[in-house]
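Presented below is the structure to which this report refers.
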Amino acid sequence: MKLSTSTNLFAYRPDFNDFIPIIDSIKMCKKVGFDAVDINLCDVTRHYYRLADSDWREWIAEVKETSEKLNIPITQSHTPFYNCLDPNFAQRDEYDKMIRRSIIASGMLDVPWVVMHPGTLPEENGEGSKSKKGNYEYFMPLLELADKCNTGLAIENMSGMHENGQRVYCSSFEQLIDLVDSLPVHNVGICWDFGHAHLEKVNQVEALHAMGSRLKATHVADNSGQRDDHIMPFAGHVNWYEIMPALTEIDYQGDFTYEIHSATSKLPDELLEDLGCYCVKIGRYLTNLADS
């Protein structure tokens, strides 16, 4: 199992007032010992992300050249996200443009799985039927685009409450599996976010076994069970000793991919490399648990 991280591990500088460019983040990921990276395209609508620029294709070519030169593959990506079923979201056109561009860019980078969030509609009884239909209609054109770009979409499990007081759609693994199984294409799967699942008090071993081969990507983060902290494993309450063997039992073929930017976002630059090395050490310990 490759040890990977989102490029956002080294992206955000104290209080999110500055950032490290993605190419520099990739170089740091290689330096501290990661096997692969997940390119974080979530924030492309911010002014400092090159994917929103007119020369974005040239930038993606530069990213690919860096990845190949360093021999650190880009094995996941993450598109921008919003509640795609919210008809009143003011920036819908801008976000949808960047989501499609993220998928195209991921194809250019030979990324096998692009992580995306499902949306939520208010439901009369909370069963999710309206949200399922809405997500089907939203994802099918994007899956067709992804197929043309030789990549796939991994839909992520969610956490939290909709504004009407219901749990958001796909906060349960049963809803997520049902949605993925309803999409009649070969290039769709699941990204399992362990932090989100912990917030929802999901039995993660049961969930992993239920997902089985549908599981294509991971977001590895810990939390205290109160909020989505995005901190490193063992800094919260997730039971990694139960989870890691389950990944082996289902023959998971993807990467073990950190999404723990809160572990580094407040650190001074001088400490980033040291903490990055420590994150790798923890990751090796965990992947060894899966292999033992």
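The values are calculated or read from the model by the stated rules, or taken from the named source; none is laboratory data. All figures in this text were calculated on a predicted structure; none of them were measured in a lab. Because the Cβ atoms are built from the backbone with ideal geometry, glycine has one as well, and the counts that use them run over all protein chains shown. These accessible areas exclude ligands, DNA and RNA; they are computed on the full protein's heavy atoms, side chains included. Shrake-Rupley method; radii C 1.70, N 1.55, O 1.52, S 1.80 Å.
Every residue, every condition in (1) within 30 Å of Tyr169 (Cα to Cα); (2) of a type in the set (Gly, Ala, Ser); (3) surrounded by 18 or more Cβ atoms within 10 Å (Cβ to Cβ), yes or no:
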| residue | (1), (2), (3) |
| --- | --- |
| Lys31 | no, no, no |
| Ile60 | no, no, yes |
| Thr79 | yes, no, yes |
| Leu85 | yes, no, yes |
| Ile99 | yes, no, yes |
| Ile103 | yes, no, yes |
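When we screen Ile72, Ile39 for residues that are touching a Ser or Thr at 6+ places or on another chain (Cβ under 6 Å) and β-branched (Val, Ile, Thr), the only hit is Ile39. The set of residues in segment 265-292 that are more than 18 Å from His230 (Cα to Cα) and in contact with a strand residue (DSSP E or B) (Cβ under 6 Å, 6 or more places away or on another chain) contains only Thr287. Taken over segment 245-283, residues that are within 22 Å of Ile20 (Cβ to Cβ) and out of contact with any Phe, Trp or Tyr (no Cβ under 8 Å at 6 or more places or on another chain) amount to 19. Summed over segment 156-165, the residues that are open to solvent by 40 Å² or more (accessible area, probe 1.4 Å) and polar (S, T, N, Q) give a count of 1. Assessment of segment 179-194 against the conditions (of a type in the set (S, T, N, Q), modelled with pLDDT of 95 or more and within 30 Å of Lys132 (Cβ to Cβ)) yields at least one matching residue.
Would you be able to tell me the number of residues in segment 46-100 that are among the charged types (D, E, K, R) and within 28 Å of His162 (Cβ to Cβ)? Counting residues in segment 46-100 that are among the charged types (D, E, K, R) and within 28 Å of His162 (Cβ to Cβ) gives 8. Taking helices (runs of 4 or more DSSP H) as the structural unit, those lying wholly within segment 174-255 and holding at least 1 residues that are closer than 28 Å to Tyr138 by Cβ and aliphatic (A, V, I, L, M) correspond to 194-199, 204-211.
The requirement of being over 16 Å from Ile282 (Cβ atoms) and open to solvent by less than 20 Å² (accessible area, probe 1.4 Å) is satisfied by Asn187.
Residues being at negative phi, among the hydroxyl-bearing types (Ser, Thr, Tyr) and under 16 Å from the mean Cα position of the chain (by Cα) are entirely absent from segment 44-55.
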